[in-house]
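Any read-out appearing in this document is the output of simple, stated calculations on the displayed coordinates, not a laboratory observation. These numbers were taken from a predicted model, which means no experiment stands behind them. Here the Cβ positions follow ideal geometry from the backbone for every residue, glycine too, while neighbour counts run over all protein chains shown.
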Amino acid sequence: MKFVVQAVLGLSLAFVEPGLAAAAAPASQAGVPGAAHVQAVQDLLGVIHVEYALRGVAARSRFPSEDQRKAVFARLQKMPPAEVHQRLAPALARVISADTAIEMTRFYKSPYGKQVIHRKYNSSAGVVWPGTKEAVPPEEKKERKRAAYVLASKELADAEPMIQHEAFKLVQTISREKR
């Protein structure tokens, strides 16, 4: 049965109308992020302090020697956050849309968004009682139900593995750089 389904799908793809194939070509060209899109992603990376995530990736990475680990951390310490954002933004603009970057930048600039980022990178030794929920101000509850926020939040959450992957690639590049 599986073979029959695969054969039918294969044959249907073989006889695709040429007009449909030509219509798909401009969509791939439209996937190239523009300067404004890359800048929006760069702004988002700045607001979420992706440089902290980069240090976390470096801490979890294995290095051939302790000297190389120390050298990478020294380079990361000296590297301005803006440079990290500039180096990561072009690759991440392929997985984070401009609308998502703008919406999530707006959210993370809000007082509640700043608290979320602070809690993400600063652990606290607190007791969480079963059944307790995070206290979210009523205006934030309303804001978080907006369709634009819901879609942007989901897209950013889906992009998190790619953010970690690109951060890992950047750590590897930094470890190979001669300074």
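For residue 76, which of the numbered conditions (1) without any contact (Cβ under 8 Å) to a residue 40 or more places away in the chain; (2) crowded, with 16+ Cβ neighbours inside 10 Å fails to hold?
Failing condition for residue 76: (1).
Which numbered condition trips up residue 65, out of (1) surrounded by fewer than 16 Cβ atoms within 10 Å (Cβ to Cβ); (2) among the small types (Gly, Ala, Ser); (3) under 22 Å from the mean Cα position of the chain (by Cα)?
(3)
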